Structures are given as C-alpha cells and as structure tokens.
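Before any comments, here is the structure.
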Amino acid sequence: MNGEIDLWGIKDILVDIKDTSELMIDLAYTSLLYCNEEIAGEVFDLEKKMDKLNYKLKLITLRAARTEEAEKLIAILEIANAAEVIADAALKIAENVFREKIHPIFVDAMKEADEIIIKETVNRNSKMIDKTVRELKVKTNTGMHIFLVKRGNDYIYRLDNLKFKENDIIYAKGPEDGKKEMENFWV
C-alpha cells in the first residue's frame, strides 16, 4: 500500500479494530468469570462499534480500489471479516452471562489457563492513586495488563492518561505469578 491509502484512515481503523476485538474478548471472558451483566453489556456496545468500524473500513477500502490494485486490498477486507468473526464470538461468550448460571467447569478451566484475569479495588493507601498505568510500569513490573477500570458506574477501557483513584476497580490479565506482583500496587 502506498502512503495515500493511510491518509484515508485505513491504518487507524485497522488499529482500532484490532484493539476493540481484543478488548471484547477480554471483557467477554471477564463478564463470565465474574458473572457480571454490566461488563457483558459493554461487549454488546463494543460490537456495535465494531460493526461501524468494519463498515467504514470496507467503504474506504472500496474507494481506494479506484487508485490501487484490487488484489492488494483484498487482505484488508479479509482482516475486516476476521475481526467481525472475533467480535461476534466475543458477543456469544458474553451472552452466556444472561443465562441462569455459569458452569463450574468454565471457572475451573479459567483457573488453569496460561493467563488469569484478576479484579481488585484500589484502596486509599495504594501506590496507584493519582498515577497512570504508564507511570506505574504495571506490565513491565508485573507482566499483567490492566484492560478495564470501573469507576463508579462507568467502565473505562481507554486507559492511556487515566489517573487511578481510590475505589477504582481494576481488571487485569496476565501470568499467575503476576497476580502476586500486582499486590505491591494495592498496598
């Protein structure tokens, strides 16, 4: 692809699609693990966003076909379709939260997975207060990735400049041994 297509926004949309589909999977599993209908609802909202992003990407890609070879653009359309499949799968996972009960086998399987998901609350003495994820170097120091913060009734998943506050509920994923390292941040 030449630089002209990127000016049309294809690159930015692809990044947004990738980030959104990853977040949807994380939220879907988290909603199941904690049997949380609000987080499952976030997956539903993000699926609507994915539909819009996918449509926009396809439209821009088809417009780019006027100046680019169509064969070079097929990969973009295939990525858009694959991302939509991922988003739909996340939605199906999250739908299970609204059923009567999550089967205990799922909870056991999640405990044995390579990556675990943790949920913790920032207390008033936490080292996290008034600091960002970047300032704390959470991933570097723990191997854990904070992907969601609940503040009051709001779920926040764009964490770039978010400064943590007391009572924020943090959702993170990563290796089992990272959970113990994360404890250093809570106290």
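Please identify the longest segment of the chain free of exposed GluC sites (Glu not before Pro), where exposed means a DSSP state other than H, G, I, E or B and no more than 11 other Cβ atoms within 10 Å. The segment 101-187 is the longest one with no such site. Net charge dipole, the stretch 3-98: roughly 340 debye, given to the nearest 20, about the Cα centre with Cβ charges of +1 for Lys and Arg and -1 for Asp and Glu. The trypsin sites (Lys or Arg not before Pro) of the stretch 64-146 meeting both criteria, a DSSP state outside H, G, I, E and B (loop) and at most 11 other C-beta atoms within 10 angstrom of the site's C-beta, are Arg66, Arg99, Lys101, Arg124, Lys137. Contact order for the chain, expressed relative to its length and based on alpha carbon pairs under 8 Å spaced 6+ residues apart, stands at 22 percent. Under 5 Å between amide hydrogens, built in the peptide plane, is the criterion, and for His145 it picks out Lys173, Gly174 among residues at least 5 positions away or on other chains. Per the Debye calculation on the stretch 114-186 with a single equal scatterer at every Cα and no solvent contribution, log₁₀ I(q)/I(0) for q = 0.16, 0.20, 0.27 Å⁻¹ amounts to -0.47, -0.76, -1.44. Taking the square roots of five times each eigenvalue of the Cα gyration tensor of the chain, the equivalent ellipsoid has semi-axes of 34, 21, 14 Å, listed largest first. Mean residue ellipticity at 222 nm, helices only, the chain: -19500 deg cm²/dmol; runs of at least 4 DSSP H residues each add -39,500 (n - 2.57), and the sum is divided by the number of residues. Which percent of Cα pairs goes in each bin when the distances of the stretch 3-98 are cut into 10 angstrom slices starting at zero? Pair shares across the bins are 18, 43, 24, 13, 4.
The length gained on full extension between Arg63 and Glu112, counted as 0.36 nm times the residue separation minus their Cα-Cα distance, comes to 13.0 nm.
Work out which helices of the chain, taken as complete DSSP H runs, extend at least 15 Å along their axis over the Cα atoms and score a mean Kyte-Doolittle of 0.0 or more, then list them.
Values: long enough: 10-33 (34 Å, 0.64); 37-64 (40 Å, -0.37); 70-95 (37 Å, 0.98); 176-186 (17 Å, -1.99).
Membrane-span-like by this criterion, though nothing is claimed about a membrane: 10-33, 70-95.
Readers should treat all values here as calculations from the given coordinates under stated rules, not as data from a laboratory. As the structure is a computational prediction, the values presented were derived from the model and not from experiment. We place every Cβ from the backbone using ideal geometry, glycine too, and count neighbours over all the protein chains shown.
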